[in-house]
Amino acid sequence: MKDIRNIIGILLGNTIYALGVTMFILPNNLITGGTTGMALLVNATTGFSITVFVSIFNVSMFLIGWKVLGKKFALTTLISSFYYPFILGILQGVFKNEMMSKDTLLCVILAGLMIGTAIGLVIRCGASTGGMDIPPLILNKKLGIPISVSMYGFDFIILLGQMVIRNREMVFYGILLVLIYTVVLDKVLVIGKSQMQVKIVSAKFNEINEKIDRGTTLIHSETGFKHNQYPVVLTVVNNRELTQLNNYVYDIDPDAFMIINKVNEVRGKGFSSAKKYENK
């Protein structure tokens, strides 16, 4: 069942990506990074079909990734490598470069939102979008270069390459597009996973610890002024549980000191369980 959901997610993500390209990038002659950016550059300089270039490049990168990164990688990327060029070609035929809006900035924002959402969805399903995602993975494995660094580097080079055929303003729009979908990508990856980390400093730590219907950790500590030694109660709750926890703590000890931080993801027995507070 999980595999089926992942496949559906990968197909949906690639479809959203292709929609963003055909609805906003191609009709408005926007530039972007990645495989699509390379295809736009090749198309503008040689007239070579965008769909054909994306197909050839994706298949080539898929085969290289299979050879260098292994079969497991190949299986997770197989769908994206072949489905994206397919759906891109279909959607190009459907929209036929029809301009959705003449406002370039609006199109950049909408394209960035769609592409960022699409890539994030595919990654959350345990796959990649193929193409230019693969060289950074190879460099990371062989040379230890961080994936994000090499990915930004490749996108920057591709954007600069398009400066030869586009005016400077369009390059700036391209940089903005990359920034938008990068931010959206990061947000999509942590949707539903973010939690609130709470540290509670109180002389009544035992009562508080017993009251919390959630996994906790007691951290050795010493107060700085009076040098009282008692543990800090560490726990992680979701946003809805935070108010209830706050009420519990201050009902037990009005002088308790609480430190609350947002964390992107929490894993492990107790912290990631779906327990809820009960009214006691």
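The values are calculated or read from the model by the stated rules, or taken from the named source; none is laboratory data. Being a predicted model, the structure only gives us computed values, none of them experimental. Every residue, glycine as well, gets a Cβ built from its backbone with ideal geometry; the counts of neighbours run over all protein chains shown. Heads up: the accessible areas ignore ligands, DNA and RNA and are worked out on the full protein's heavy atoms, side chains in. Shrake-Rupley method; radii C 1.70, N 1.55, O 1.52, S 1.80 Å.
Points to keep in mind about this one:
- Solvent-accessible area per residue for the stretch 93-163 (1.4 angstrom probe, square angstrom): 51 Å²
- For the pair I259 and V183, label points projected 7 Å from Cα toward Cβ lie 2.9 nm apart.
- The charge dipole of the chain, taken about its Cα centre with unit charges on the Cβ of Lys, Arg, Asp and Glu (plus for the first two, minus for the last two), comes to roughly 620 debye.
- Note on M100: accessible area approximately 80 square angstrom, rounded to 10, probe 1.4 Å, nucleic acids and ligands left out.
- For the chain, relative contact order (Cα pairs under 8 Å, six or more residues apart, normalised by length) works out to 21 percent.
- Furthest towards positive pole of dipole, V122, Q244, W66, structure part the chain, Cβ charges: W66
- Mean separation of Cα contacts under 8 Å (6+ apart) over length of the stretch 113-175, as relative contact order %: 17 percent
- The length gained on full extension between S221 and A74, counted as 0.36 nm times the residue separation minus their Cα-Cα distance, comes to 48.1 nm.
- Taking all protein chains together and a 1.4 Å probe, the residues L110, L63 rank L63, L110 from largest to smallest accessible area.
- Percent carbon-and-sulfur accessible area, the chain, ignoring ligands, DNA and RNA, probe 1.4 Å: 61 percent
- Within the chain, helix-based [θ] at 222 nm, where runs of 4 or more DSSP H residues each add -39,500 (n - 2.57), nearest 500: -20000 deg cm²/dmol
- A 1.4 Å probe run over the stretch 1-82, with the rest of the protein chains in place, finds 47 Å² accessible per residue.
- Heavy-atom accessible area order for T104, T77, largest first, 1.4 Å probe: T104, T77
- In the chain the longest region clear of GluC sites (Glu not before Pro) that are loop-assigned by DSSP and have at most 14 other C-beta atoms within 10 Å covers 99-264.
- Euclidean distance of C-alpha centroids, the stretch 197-260 and the stretch 28-74, integer Å: 52 Å
- Angle between the chain longest axis and helix 2-20 axis [Cα atoms, degrees, rounded to 10]: 50 degrees
- Most mobile listed residue (P85, P146, P136) in the chain, GNM with C-alpha springs under 10 Å: P146
- Relative to the longest principal axis of the Cα atoms of the chain, helix 134-143 runs at roughly 60 degrees.
- Surface calculation, 1.4 Å probe, protein heavy atoms: D3 sits at approximately 110 Å² accessible.
- Top positive-direction residue, dipole computed over the chain with Cβ charges, set T22, G9, T216: G9
- Trypsin sites (Lys or Arg not before Pro) restricted to the stretch 66-128 and DSSP loop, no more than 14 other C-beta within 10 Å: K96, K102
- Sparsely packed chymotrypsin sites (Phe, Trp or Tyr not before Pro) within the stretch 37-121, loop by DSSP, other Cβ within 10 Å at most 16: F48
- Neighbour cut-off at most 16 other Cβ (10 Å), DSSP loop, trypsin sites (Lys or Arg not before Pro), the stretch 156-201: K193
- In percent, rounded to a whole number, the relative contact order of the stretch 149-252 is 24, using alpha-carbon pairs under 8 Å and six or more apart.
- Where a label projected 7 Å from the Cα of N167 along Cα→Cβ would reach, residues of the stretch 91-132 with amide N under 20 Å: 99-109
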